[in-house]
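Below is one structure, written out as structure tokens; comments come after it.
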Amino acid sequence: MRISGVFSVYHADNPSFLNEALKSILRNQTRLLDQCVGVIEGEISLELTAVCDQFKEVKWLQMSQSNSFGLPRALNMAVNSCDGDIIMKIDTDDICAVNRVESTIAAFEKNPSLTIHGGQIQEFSNDFKRSFGIRSVPTRNLEIRNFSKFRNPFNGPTVAFKKEAFTGCGGFPQVGANEDYCLWSLFLVNGLDASNSSTIYAYMRGGEGLVVRRSSAATRKGEYEALKYLKEIDHLNYAQFIVHVLGKQVVRRLPVKWNSYIYSKLRRNRDQSIPQNLLSILQKIQNEN
């Protein structure tokens with residue numbers, strides 16, 4: 001069973017964050033990826049280019065920014081260029097746990113019918129010196145299906161899926177936001193098997209900066225497109241669609257501090273500790289610089 005990683009880079013990415021993210025998933029794993037494909041969306045800075053040039057193990061692809069659906073288009077291009085049976089989604093500003101690849105492969109090997117698998121995340125400030133808590137998602141198939149009617153049942157930076165199922169479902173839909181939620185929901189609508197590990201697979205840069213990005217007009221528009229898609233594929237009924245639309249459109253317009261407070265309450269475990277595993281990863285990455 002081969003596993004490939006996919007990600008995209010665009011002009012607003014932070015070079016230092018990208019460097020740390022790629023080192024964590026490509027060079028600090030107990031089991032290495034068999035392949036990794038990165039898509040560069042349009043023009044990027046010299047600093048970002050310098051980081052990309054350091055990772056010769058990545059198969060780099062270039063994409064022109066010819067439409068408003070840059071990320072789903074880039075991810076589809078990356079996945080279609082992979083030869084792995086399992087595709088692992090990589091975020092370019094988060095740190096992966098050292099056993100993410102190994103644990104993911106083990107989950108698919110243990111359950112041959114499994115189609116999509118993820119894990120838990122712990123959110124931090126950009127410097128990883130302050131923890132905002134753990135975003136816990138359900139672990140079992142039925143729980144995931146029920147949870148998905150209300151919120152995304154997977155943590156994006158932790159997800160891997162079978163390429164065959166991805167191709168059969170048509171890939172990431174062309175929406176302006178939440179394209180991952182849409183694809184996972186399509187998997188569920190088609191009755192495909194899902195699971196999440198109870199362990200942390202990624203340490204995510206979150207906090208107020210993340211809330212600000214999610215509150216923009218472009219994100220609100222993209223979220224509405226995603227909710228329309230979820231209704232069109234019958235993942236949400238009309239009443240659920242209306243509740244989602246009203247809830248998200250209202251919350252996204254609240255002051256950032258209010259929005260941050262509401263978002264913090266969605267974390268099931270508000271653990272404020274800094275795990276030793278993360279400190280060890282960061283130290284190793286710093287020593288490699």
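The values are calculated or read from the model by the stated rules, or taken from the named source; none is laboratory data. Small disclaimer: the values here were computed from a predicted structure and weren't measured. Cβ placement follows ideal geometry from the backbone for every residue including glycine, while neighbour counts extend to all protein chains displayed.
Here SER136 clears all of (1) surrounded by fewer than 22 Cβ atoms within 10 Å (Cβ to Cβ); (2) among the hydroxyl-bearing types (Ser, Thr, Tyr); (3) more than 29 Å from ASN14 (Cα to Cα) except the condition numbered (3).
Filtering the stretch 89-129 to residues that are of a type in the set (A, V, I, L, M) and in contact with a helix residue (DSSP H, G or I) (Cβ under 9 Å, 6 or more places away or on another chain) leaves ILE90, ILE95, ALA97, VAL98, VAL101, LEU114, ILE116, ILE121. Within the stretch 130-142, being touching a helix residue (DSSP H, G or I) at 6+ places or on another chain (Cβ under 8 Å) and at pLDDT below 95 holds for PHE132, GLY133. At pLDDT 95 or above, in a loop (DSSP other than H, G, I, E, B) and closer than 16 Å to HIS117 by Cα - does that describe any residue in the stretch 192-214? Yes: the stretch 192-214 contains one or more residues that are at pLDDT 95 or above, in a loop (DSSP other than H, G, I, E, B) and closer than 16 Å to HIS117 by Cα. Check the stretch 251-274 and report whether any residue there is more than 20 Å from VAL137 (Cα to Cα), of a type in the set (Gly, Ala, Ser), part of a loop (DSSP other than H, G, I, E, B) and at pLDDT below 90. No, that holds for no residue. If a residue must be over 12 Å from LEU22 (Cβ atoms) and not in a strand (DSSP E or B), how many such residues does the stretch 33-63 contain? Counting residues in the stretch 33-63 that are over 12 Å from LEU22 (Cβ atoms) and not in a strand (DSSP E or B) gives 9.
The residue that is nearest to the chain's Cα centre (by Cα), among those in the stretch 1-32 that are aliphatic (A, V, I, L, M) and assigned to a loop (DSSP other than H, G, I, E, B), is ALA12. With respect to PRO72, is the statement that it is out of contact with any strand residue (DSSP E or B) (no Cβ under 6 Å at 6 or more places or on another chain) and part of a helix (DSSP H, G or I) true? Taking the combined requirement at face value, the residue satisfies it. If you check ILE105, ILE87 for being under 14 Å from the mean Cα position of the chain (by Cα) and either more than 18 Å from GLU179 (Cα to Cα) or surrounded by 19 or more Cβ atoms within 10 Å (Cβ to Cβ) (or both), only one passes: ILE87. When you look at ARG145, is it surrounded by 15 or more Cβ atoms within 10 Å (Cβ to Cβ), outside any strand (DSSP E or B) and at pLDDT 95 or above, yes or no? In short, yes. If only residues of the stretch 1-12 that are of a type outside the set (Val, Ile, Thr) and modelled with pLDDT of 95 or more are counted, the one that is surrounded by the fewest Cβ atoms within 10 Å (Cβ to Cβ) is ARG2. Entry remark, the stretch 30-70: residues being under 15 Å from ASN80 (Cα atoms) and of a type in the set (Asp, Glu) number 0 in total. Scan the stretch 75-106 for residues that are under 27 Å from GLU164 (Cβ atoms) and part of a strand (DSSP E or B) and jot them down. ILE86, ILE87, MET88, LYS89, CYS96, listed by residue number. Scanning the stretch 14-39 for residues that are under 24 Å from GLN65 (Cβ atoms) and surrounded by 20 or more Cβ atoms within 10 Å (Cβ to Cβ) turns up LEU18, ASN19, ALA21, LEU22, CYS36, VAL37, GLY38, VAL39.
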